[in-house]
């Protein structure tokens, strides 16, 4: 009999891990709600036609397809198989796929439910997505995204708001050193235009987006492989190494793209956002204009964002950008949107590495009653109900085993207090409570015990 296992790139989560994950989800959700965003959910599966062609060539290869139910081969395109047309054949046996992200399904959702929504529509969504990526640290095949988007407005105030949300969420999770990188796809379009390769914007952005992974030489090599001219590559090289303050970099890029109308528009938008943030201020985030930031997704048209935790080698933990006509692919034209996504799994890894999870998360139960026999257990159950009615997490050990075994159970669950109820405690209607960290013991009436836990910080 083979050992049980799970698919590569997926994970089980133990109780202590789930407490930490829920801490992240709850922290993110509370900020989303504070800014007026509303929750929605979409199915795990979408029609293949909904997803394909929205993420670029590389993204399409990472989509998990779902086989049609029943005798799927009977209805397959056998001619496509004979002709070795794998894409057409795959489409004939797989009409559904697991969602790759939450943004494209959201665009479909908006179009399908447009008569039920008030615009601008602000939504948040916290659900898993799936990508057939190569599993590694910080990269999984099943992972959660925590998205917040607004559609129905092209106001730059929303870009500013989303930067503030980045800052507030991550600061609230105790991160003190992180950088929000920002660029504008219009600037990249302008660059492609001024170097004479306007028709190669997507290959250029896909290559530039890999700068952190493959370095300048790797980017240049990929640009050549994608048939970008040597003249254009030489013009683009400064983009890959430019440094300085936001104002210095803006000035340098402005000079390069000044002859491009769309490039100048991108500079104007970016300048407005940077100016507003400078006036408003941020708690911990560093906001950095990075002209090499491209984000490989085809649907971005304006501002693009990426967030990295400094001092942790784990890649970006958040990202996003503006998409002016994503709903247009589903028949609803001229509906601009902008959104960001928090990678909960990567954030988890960062918080764990930096030891930033609150210690109180380790204790799911505040108080455990030891079990000394049937009569004592019954009395403990009466007091337990009183404690639970007052919102105090508590439990009763199920069996009257040796006290050492019961104490080991409490230690293993990081329960901070154990109640010891014997004959004397029942007679006096008092509860002897042991602090598991200090070893100190004190007696309380049930009223006193409720007050003790309600005023304590756990």
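The table below gives the values:
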| read-out | value |
| --- | --- |
| Checklist (1) surrounded by 24 or more Cβ atoms within 10 Å (Cβ to Cβ); (2) in contact with a helix residue (DSSP H, G or I) (Cβ under 7 Å, 6 or more places away or on another chain) applied to residue 306, failing item | (2) |
| Filter result (out of contact with any helix residue (DSSP H, G or I) (no Cβ under 7 Å at 6 or more places or on another chain) and closer than 23 Å to residue 182 by Cα) within the range 218-231 | 218 |
| Residues within the range 56-66 that are surrounded by 12 or more Cβ atoms within 10 Å (Cβ to Cβ) and at pLDDT 80 or above, tallied | 7 |
| Residue 244 being part of a helix (DSSP H, G or I), on the phi > 0 side of the Ramachandran plot and assigned by TED's automatic domain parsing to the domain that holds residue 267 | no |
| Exclusive hit being outside the structural domain of residue 312 (by TED's automatic domain parsing), touching a helix residue (DSSP H, G or I) at 6+ places or on another chain (Cβ under 7 Å), within 30 Å of residue 170 (Cα to Cα) and surrounded by 14 or more Cβ atoms within 10 Å (Cβ to Cβ), set 431, 415, 392, 446 | 392 |
| Any helices (runs of 4 or more DSSP H) falling wholly within the range 339-458 and containing at least 1 residues that are at negative phi and touching a residue at least 60 places away in the same chain (Cβ under 8 Å) | 344-353, 374-389, 446-455 |
| Yes/no for residue 188 being buried (at least 22 other Cβ atoms within 10 Å of the Cβ), within 17 Å of residue 304 (Cβ to Cβ) and touching a helix residue (DSSP H, G or I) at 6+ places or on another chain (Cβ under 6 Å) | yes |
| Breaking point among (1) out of contact with any helix residue (DSSP H, G or I) (no Cβ under 6 Å at 6 or more places or on another chain); (2) under 18 Å from residue 433 (Cα atoms), for residue 401 | (2) |
| Per-region count, the range 197-207, residues out of contact with any helix residue (DSSP H, G or I) (no Cβ under 6 Å at 6 or more places or on another chain) and either surrounded by 23 or more Cβ atoms within 10 Å (Cβ to Cβ) or touching a residue at least 24 places away in the same chain (Cβ under 8 Å) (or both) | 4 |
| Qualifying residue in the range 314-324 (condition: buried (at least 21 other Cβ atoms within 10 Å of the Cβ), under 17 Å from residue 114 (Cβ atoms) and at pLDDT below 90) | yes |
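The values are calculated or read from the model by the stated rules, or taken from the named source; none is laboratory data. If you're wondering where the values come from, they're calculated on a predicted model, not measured in any experiment. Cβ sites come from the backbone with ideal geometry, for glycine too, and all protein chains shown count toward neighbours.
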